Amino acid sequence: MELKKINENVWELPETYKQGMKVKGNIYLNDELYEGLQKDVFEQIANVACLPGIQKYSLAMPDCHYGYGFCIGGVAAFDERYGVISPGGVGFDINCGVRLIKTNLSKKDVEDKTKLKELLNEIFTNVPSGLGSKGKIRLDNNQIDTVLEEGVEWAIKEGYGTKKDLERIEENGRMKEADASFVSESAKKRGKPQLGSLGSGNHFLEIQYVDEIFNEETAKVYGVEKDQLMIMVHTGSRGLGHQICADYLRRMENATKKYNIKIPDRQLACAPINSEEGEAYFKAMSCGANYAWANRQLITHWVREAFEKVFKNSYENMGMEIVYDVAHNIAKKETHIVDGKEKSVIVHRKGATRAFGPNHSEIPEIYRPVGQPVIIPGDMGTASYLLSGTELAMEKTFGSTAHGAGRTLSRVKALQMYKSSEVQERLEKEGILVMADSKGVIAEECPEAYKDIEAVANVCDNSGIALKVSRLKPLGVVKG
Ligand code: 5GP
Ligand code: MN
Ligand code: MN
């Protein structure tokens, strides 16, 4: 069945696409992205549209691709009174997200490649990375519970950063609903040794420079200027989040039966938001989110240390402040306008970034004139984007936008087609140094494995669900 193209950047999936759809689907794309899309993504968007209490539309962002239950790039909001919450709408890596740290250094400061190498080496040594990597701190049982309930506040108390950091993080780095008694012992056991580690695969730590500014006014508010050196951190809740998701998927399967919820796909297992199971998952998911924010905070601390060592200066002097930190795998209780009235909803963003517009009370005061910073990584060889949230996103997508370029090749396929050493050499010729812990990861994560970040950023910008502020280009990449 053909989708209806509403305008240059929005395709509509009609309610007649599949029996049981309660709302339409809306997908943000351009012609090229539409052509390249596997059609099973439409099925997933239609499936989500069948869930009880869904509001307005089942949404997909321009980077959407097939995922567990919900597509990656999927956004759906459910009525807080009679809607559902679904772990498949959050994903396994709870609060996987991106943090952008600025500096007052410029591209010139690392023009000397031995300097860049030294810096990358120092970061690589100071920040644990790789599959199953272990952090440098040791937590006992009480401490892990504090991390889960306090998030970045715990990290600040322990000396990993300052109060100012808190203001520049979505939710100030702490979901208040977190309750560690809802997280299994096995999840905590996996999480304890891994706190403060990057992990592997898609997760990365990148030194970038500001290549182009698209909106001078907003860039100024964010403290961003041309040629400025930036650090981007992408990681999540490691084994802990994965275990929480697995634990609750099992529990949700029973709940789906218990509450007699009809789901078109088992992977959409869910429970009413206000049920025992729904509330339990939300509390546990919030713990996962707090862990991920604390994780990015520790990594920030060690990146600052690495810069201090290499440049023999303090991180404060080098202006190493957080621009912002966004979650892109999460469910949130928010208020949105539905049918002209304010409504409490649970917004699921699964591979999607919050993009709140100007004057929203949930964003840092300094950013209110221009809207929330939105961070969209591209790939290790091309570019990444900084954008700003909009009023239109509030109206059309529950304040959400894309979260990345999105995969186009599976890991297996990328591994068959490319060789890590060759990709590494090619990038080095282009002036990009890549370091990785595991052998195949550079091939799996090569630029060709991802869609065109320019197309994704342009769809966001043209459709108005986030506006381009600046393009960031990679100089040095640490992959797990
Ligand atoms: P996800 O969390 O869905 O795995 O990844 C988010 C996005 O990060 C991907 O869609 C991809 O566009 C981007 N990405 C993955 N690896 C890298 C990298 O090494 N560098 C940059 N800049 N972006 C990356
Ligand atoms: Mn991610
Ligand atoms: Mn992740």
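Compute the convex hull volume of the Cα atoms of the stretch 295-335, divide it by the residue count, and report the result per residue in Å³ as a whole number.
Numbers: hull volume 3.8 nm³, N = 41.
With only Cα atoms used, the stretch 295-335 gives 92 Å³ per residue.
Please report the projected area of the stretch 331-480's Cα convex hull averaged over all directions, in nm². Don't skip to the answer; put the middle values down first.
Working: hull surface 40.5 nm².
The number I arrive at for the stretch 331-480 is 10.1 nm².
How many nm is it between the label spots at Lys258 and Asn7, if each spot is 7 Å from the Cα in line with the beta carbon?
Roughly 4.5 nm, to one decimal.
Counting only trypsin sites (Lys or Arg not before Pro) that are in a DSSP loop and have at most 16 other C-beta atoms within 10 Å, tell me the longest site-free stretch of the chain.
Working: sites that count: Lys22, Lys39, Arg81, Lys134, Lys136, Arg138, Lys176, Lys226, Lys262, Lys312, Lys419, Lys439.
Segment 313-418 is the longest.
What is the diffusion coefficient of the chain in µm²/s, taking the Kirkwood radius over Cα pairs and the Stokes-Einstein relation at 20 °C with a viscosity of 1.002 mPa s? Walk me through the numbers on the way to the answer.
Working: Rh = 22.1 Å.
Answer from the Stokes-Einstein relation: 97 µm²/s.
Using DSSP, restrict attention to beta bridges with both residues in the chain and report what percent are antiparallel, rounded to the nearest 5.
90
Name the shape class, rounded, prolate or oblate, that the alpha-carbon gyration tensor gives for the stretch 1-160, where a ≥ b ≥ c are the square roots of its eigenvalues, rounded holds for a/c under 1.5, and otherwise prolate holds if a/b is larger than b/c and oblate otherwise. Numbers along the way, then the final one.
Working: a/c = 2.98, a/b = 1.62, b/c = 1.84.
Oblate, because a/c is 1.5 or more while a/b does not exceed b/c.
Does the stretch 178-319 classify as rounded, prolate or oblate by the C-alpha gyration tensor (a ≥ b ≥ c root eigenvalues; a/c under 1.5 gives rounded; else a/b over b/c gives prolate, otherwise oblate)? All intermediate terms of the calculation are to be shown ahead of the outcome.
Values: a/c = 3.13, a/b = 2.00, b/c = 1.56.
Here the stretch 178-319 falls in the prolate category.
Rounded if a/c is under 1.5, else prolate if a/b beats b/c, else oblate: with a ≥ b ≥ c from the C-alpha gyration tensor eigenvalues square-rooted, which is the stretch 211-267? Show your work: numbers first, answer last.
Values: a/c = 5.22, a/b = 2.75, b/c = 1.90.
Prolate, because a/c is 1.5 or more and a/b exceeds b/c.
With Kirkwood's inverse mean 1/r over C-alpha pairs for Rh, give me the Rg to Rh ratio of the stretch 128-234, two decimals please.
Here Rg/Rh amounts to 1.05.
Share of antiparallel DSSP beta bridges in the stretch 1-146, in percent to the nearest 5?
Values: 11 of 15 bridges.
The antiparallel proportion sits near 75 percent.
So what is log10(I(q)/I(0)) for the stretch 70-149 at q = 0.16, 0.20, 0.21 1/Å, when the Debye sum runs over its Cα atoms only?
So the normalised log intensities are -0.98, -1.10, -1.12.
Using a simple spin-label model with points 7 Å from Cα along the Cα→Cβ vector, what separation in nm is obtained for Lys22 and Val412?
Between Lys22 and Val412, the label points sit 3.6 nm apart.
Given Asn172, Ile207, Gln194, which one lies farthest toward the positive end of the charge dipole of the stretch 156-273, if we put +1 on the Cβ of every Lys and Arg and -1 on the Cβ of every Asp and Glu?
Highest projection toward the positive end goes to Gln194.
Can you tell me how much longer the chain between His360 and Lys115 gets when fully stretched, taken as 0.36 nm per residue apart minus their C-alpha distance, in nm with one decimal? Display every interim value, and only then the final one.
Values: separation 245, 0.36 × 245 = 88.20 nm, distance 4.14 nm.
Taking 0.36 nm per residue and subtracting the Cα distance, the gain is 84.1 nm.
Quick check on the chain: helices-only [θ] at 222 nm, where DSSP H runs of length 4 and up contribute -39,500 (n - 2.57) each and the sum goes over total residues. Nearest 500, please. All intermediate terms of the calculation are to be shown ahead of the outcome.
Working: 15 runs with 162 residues, N = 480.
So the helix-based figure for the chain works out to -10000 deg cm²/dmol.
Bin width 5 Å, alpha-carbon pairs only: give the P(r) of the stretch 371-423 as whole percents, running from 0 to the bin holding the largest distance.
In order of increasing distance, the bins hold 5, 16, 18, 18, 13, 10, 8, 7, 4, 0 percent.
Throughout, read-outs are computed from the coordinates displayed, never taken from laboratory work. This one's a predicted model, so the numbers in the text were calculated from it and none came from an experiment. Here the Cβ is made from the backbone with ideal geometry for all residues, glycine too, and neighbour counts use every protein chain on show.
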